[in-house]
1. Taking Cα pairs under 8 Å and at least six residues apart, what relative contact order does the range 127-204 come out at, in percent?
2. At 0.36 nm per residue, minus the direct Cα-Cα distance, what do residue 259 and residue 108 gain on full extension? Give it in nm, one decimal, please.
3. Hey, could you pull the Cα Rg and Dmax for the range 111-168, both in Å?
4. Show 61, 89 ordered by accessible area, largest first, where the area counts protein heavy atoms only and the probe is 1.4 Å.
5. Any idea what the dipole of the range 53-179 comes to, in debye rounded to 20, about its Cα centre with Lys/Arg Cβ at +1 and Asp/Glu Cβ at -1?
6. Which one of 236, 4, 182 is farthest out on the positive end of the charge dipole of the chain, using unit charges on Cβ (Lys, Arg +1; Asp, Glu -1) and the Cα centre as origin?
7. Which order do 128, 221, 4 take when ranked by solvent-accessible area (1.4 Å probe, heavy atoms of all protein chains), largest first?
8. Can you tell me how the range 65-161 classifies by the Cα gyration tensor, rounded, prolate or oblate, using a/c under 1.5 as the rounded cut?
Amino acid sequence: MLSMEVAQGLLIPFLGTTLGAACVYILKKELKTGVQKGLTGFAAGVMVAASVWSLLIPAMDASADMGKLAFLPAVVGFWAGTLFLLILDHIIPHLHMDAQEAEGIKCKLPKNIMLLLAVTLHNIPEGMAVGVVFAGWLAGNADITLSGALALSIGIAIQNFPEGAIISLPLRAEGMSRHRAFVSGMLSGIVEPIGALLTILAASFVLPVLPYLLAFAAGAMIYVVVEELIPEMSAGEHSNIGVITFAVGFTLMMTLDVALG
């Protein structure tokens, strides 16, 4: 049985996506390009800061007994996470926002489904990150506190809010009903609590590899940032909004982790 604290921690990011998707009931049109760039940059900043402070640093701290080789689990796990997302990126058919051609295995899925798959692919490492941090807390890892785990959940939830809106509003603009667009946007985030729960269950059987799992989640998240978010926040006409909001997201997540962790 999961404790109430863990259950809440796993659902907080999903709540962020759900609230963002609910914007379809308030806003009538798609978000302007500048706003989308800003929100994408913000999400990227949160994910990079979370990868460093919530995942990589705890991974190396947990391996301190390896002495000068304490970096090894972080390096191995990071590369494993990167390669895992690279493989998924080439297998799962998906379409990034404003892209002309879909990625992954060729198929004839509708555009809205391809967009949903892109966001779902993006959310996999976030769910893993939350799950592995809570697994570390449950295992009694001295380097991971409950408040630090909750800080990561809150940070992911904050950056999930705009993601929910970015997926539901375009679906509504393409003619989908508000209710269906909301449900679609909400379900794009369901992979996070599911992935987090599966990660906790897996980690409970393989606690010695916890540092590798922490770094694995970091590698997967950084892959998403570099492969997807940074190109999206920089696409089209030159703008500095993405860089500015990246800094805002980075410092906000860093502050949450340090202040609450």
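The values are calculated or read from the model by the stated rules, or taken from the named source; none is laboratory data. Owing to the predicted nature of the structure, the values given are computational and were not obtained by experimental measurement. Reconstructed Cβ throughout: ideal geometry from the backbone, glycine too, with neighbour counts over all protein chains shown. We work out accessible area using only protein heavy atoms, side chains counted, and drop any ligands, DNA or RNA first. Shrake-Rupley method; radii C 1.70, N 1.55, O 1.52, S 1.80 Å.
1. 53 percent
2. My answer for the length gained is 49.6 nm.
3. 14.0, 46
4. Output order, biggest surface exposure first: 61, 89.
5. 340 debye
6. Highest projection toward the positive end goes to 182.
7. If we order 128, 221, 4 from most to least accessible, we get 4, 128, 221.
8. Oblate, because a/c is 1.5 or more while a/b does not exceed b/c.
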